[in-house]
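The values are calculated or read from the model by the stated rules, or taken from the named source; none is laboratory data. In this text, all values refer to a predicted model and were calculated from it rather than measured experimentally. We place every Cβ from the backbone using ideal geometry, glycine too, and count neighbours over all the protein chains shown. Surface areas here come from the heavy atoms of the whole protein model, side chains and all, with no ligands, DNA or RNA. Shrake-Rupley method; radii C 1.70, N 1.55, O 1.52, S 1.80 Å.
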Amino acid sequence: EETWIDRKVREPQGVVVKEITMPLETPKVNVNLIINKPMKYNPYNRLVMQVIEGILDLRFVESIREEEGGTYGVGIGTDLRRWTRERATMRINFDCDPERAAELKEKVYLELENLANEGPSEEDLMKTVENLLKTREQNKEHNSYYLNGLYSYYIHGINFNDPANFEEILKDLTTKDVQKVMKAFYDAPNVVDVVFLPEVESETIP
């Protein structure tokens, strides 16, 4: 019989901000944000975090890529884990011009705050739900969908192929539901904010 061991590896507590210089061929800044918070592992929370990811992806495309033209795109991913502790994690990263890093990062944080305090628009929620349902049906054509389902069932005891754990949750989801989960997640979370800056060559004095 196998089991897992908690090696006590923990993320930093509170907010950690670091700027790291490194030699880069292209003078750009790489912004990385990792946000995590305790959250109960269950089908509802797991799915709502995916919805939050989809909504923020839409918001970042509109507010940062299209309106500001500051970056080719903002990468975002969410994850909800059961072991070693039940926690939700959000990862955000993007490249941009060094002079615009602080401004664009502030806009990313503003989108997070707006989603937590005001919730998503009905349009953004509808687009995200439709996309998740469409992707779900497409995934059912591949073996990986069923392998992942078997894994989840035997490891977590949850049948994610059951519509009650996916379709029924999505179809009943409201903007208030999304806001509630986002507000709980973004209430004093742990944040690792790391920016990689291009190394500035020092001028040689003759």
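Which of the helices (runs of 4 or more DSSP H) contained wholly in region 94-188 include at least 1 residues that are among the hydroxyl-bearing types (S, T, Y) and farther than 26 Å from K37 by Cα?
122-139, 143-156
I'd like the full set of residues that are open to solvent by 60 Å² or more (accessible area, probe 1.4 Å) and in a strand (DSSP E or B), limited to region 70-86.
R81
Taking T89 as the residue in question, decide whether it is open to solvent by less than 80 Å² (accessible area, probe 1.4 Å) and either over 25 Å from F185 (Cα atoms) or among the hydroxyl-bearing types (S, T, Y) (or both).
So T89 fits the description; yes.
Identify, please: which residue in region 7-60 is under 18 Å from the mean Cα position of the chain (by Cα) and among the hydroxyl-bearing types (S, T, Y) and is, among those, most open to solvent (accessible area, probe 1.4 Å)?
Filtering first and then ranking leaves Y44.
For region 145-177, enumerate the residues that are open to solvent by less than 60 Å² (accessible area, probe 1.4 Å) and touching a Phe, Trp or Tyr at 6+ places or on another chain (Cβ under 7 Å).
Passing the criteria: G149, S152, F160, F166, I169.
Exactly one condition in (1) at pLDDT 95 or above; (2) touching a Lys or Arg at 6+ places or on another chain (Cβ under 8 Å) is not met by E130; state its number.
Here E130 clears every test but (2).
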